[in-house]
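Heads up, the thing below is written out as structure tokens.
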Amino acid sequence: MDTQTKPLNPLVKAALEFGPLVLFFVVYQRTDIFTATAVFIPTILATLGVSWWLSRDVPRMAVVTAVVVVVFGGLTLWLKDATFIKMKPTIINVLFAAALGWGLLRGRSYLKDLIGAAMPLTDEGWMILTRRWALFFLFMAVVNEAVWRTQTEEFWVTFKTFASPVITFLFVISQFGLIKKHGSEGKGADGT
């Protein structure tokens with residue numbers, strides 16, 4: 001049996017990452033948040049299975065996200081209270097920010113541990129990028145809280161499906177200068 005990790009096609013990877021969210025949106029538009037949540041939970045678990053089947057790997061962040069979806073989605077369905085699924089993005093973002101922040105306090109970039117092989121940066125670059133991502137995750141947690149607590153449920157679903165990924169994409173693009181400045185191609189692991 002072949003257990004070696006295989007890279008995923010970028011389109012397949014995007015479909016696995018955004019497919020469950022888009023399906024959640026479509027089901028919500030046709031039914032309600034409870035039915036959409038009931039579809040979302042097995043769909044996100046299925047994407048983990050497909051990811052493993054195709055690449056023999058499941059990203060850690062995807063596993064954390066799936067666990068939070070199952071717990072908070074399950075609470076939403078069990079208690080018939082949409083508050084829990086609306087809090088899910090906040091919890092995920094706070095967990096990611098806390099993990100990155102904990103690494104920073106220990107003088108370590110957990111972001112480098114996750115994606116370092118794909119993006120060679122100096123150690124200083126990794127620390128700066130990790131700090132920025134930790135702050136971005138906190139920002140997105142605050143934004144999610146503000147949106148779900150002050151807007152309609154339909155607005156929140158639309159925001160979560162479309163605006164959040166766009167904001168994240170814009171944040172990623174805004175980091176290109178740092179990546180260019182601190183790129184370590186041709187340098188050693190310590191950036192020298």
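The values are calculated or read from the model by the stated rules, or taken from the named source; none is laboratory data. If you're wondering where the values come from, they're calculated on a predicted model, not measured in any experiment. Quick reminder, even Gly has a Cβ in these numbers, built from the backbone with ideal geometry, and neighbours come from all protein chains shown.
ALA38 meets each of the listed conditions (1) assigned to a helix (DSSP H, G or I); (2) of a type outside the set (Asp, Glu); (3) under 20 Å from LYS13 (Cβ atoms) apart from (3). Is it true that LEU79 is aliphatic (A, V, I, L, M) and surrounded by 15 or more Cβ atoms within 10 Å (Cβ to Cβ)? Answer is no for this residue. Whether any residue in the stretch 135-150 is hydroxyl-bearing (Ser, Thr, Tyr) and over 17 Å from THR90 (Cα atoms) is what I want to check. No, the conditions are met nowhere in the stretch 135-150.
Inspect all residues belonging to the stretch 53-65 and state whether any of them is β-branched (Val, Ile, Thr), touching a Phe, Trp or Tyr at 6+ places or on another chain (Cβ under 6 Å) and free of Cβ contacts under 8 Å to residues at least 12 places away in the same chain. Looking through the stretch 53-65, at least one residue is β-branched (Val, Ile, Thr), touching a Phe, Trp or Tyr at 6+ places or on another chain (Cβ under 6 Å) and free of Cβ contacts under 8 Å to residues at least 12 places away in the same chain.
Could you look through the stretch 82-109, keep only residues that are over 24 Å from THR35 (Cα atoms) and of a type in the set (Gly, Ala, Ser), and pick out the one that is surrounded by the fewest Cβ atoms within 10 Å (Cβ to Cβ)? Per the criteria, the residue is GLY107.
Looking at LEU178, LEU129, LEU104, LEU170, just one residue is more than 20 Å from the chain's Cα centre (by Cα) and in a helix (DSSP H, G or I), and that residue is LEU178. Restricting attention to the stretch 50-69 and to residues that are of a type in the set (A, V, I, L, M, F, W, C), in a helix (DSSP H, G or I) and under 15 Å from the mean Cα position of the chain (by Cα), the residue that is surrounded by the most Cβ atoms within 10 Å (Cβ to Cβ) turns out to be VAL69.
No other residue among PRO59, PRO42 is within 30 Å of LYS6 (Cα to Cα) and at pLDDT 95 or above apart from PRO42. Mind checking whether some residue in the stretch 136-153 is outside any helix (DSSP H, G or I), out of contact with any Gly (no Cβ under 8 Å at 6 or more places or on another chain) and either at pLDDT below 95 or outside the structural domain of PHE24 (by TED's automatic domain parsing) (or both)? Yes, some residue in the stretch 136-153 is outside any helix (DSSP H, G or I), out of contact with any Gly (no Cβ under 8 Å at 6 or more places or on another chain) and either at pLDDT below 95 or outside the structural domain of PHE24 (by TED's automatic domain parsing) (or both). The single condition among (1) under 25 Å from ARG60 (Cβ atoms); (2) among the aliphatic types (A, V, I, L, M); (3) part of a helix (DSSP H, G or I) that ALA117 does not meet is (3).
Answer yes or no as to whether PHE159 is surrounded by fewer than 14 Cβ atoms within 10 Å (Cβ to Cβ), on the phi < 0 side of the Ramachandran plot, assigned by TED's automatic domain parsing to the domain that holds LYS181 and modelled with pLDDT of 95 or more. Answer is no for this residue. Within the option set THR47, THR31, THR5, THR37, being polar (S, T, N, Q), more than 16 Å from the chain's Cα centre (by Cα) and buried (at least 16 other Cβ atoms within 10 Å of the Cβ) holds for one residue only, THR37. The numbered conditions (1) under 30 Å from PHE155 (Cα atoms); (2) among the basic types (Lys, Arg); (3) not assigned by TED's automatic domain parsing to the domain that holds ALA146 are all true for LYS86 except (3).
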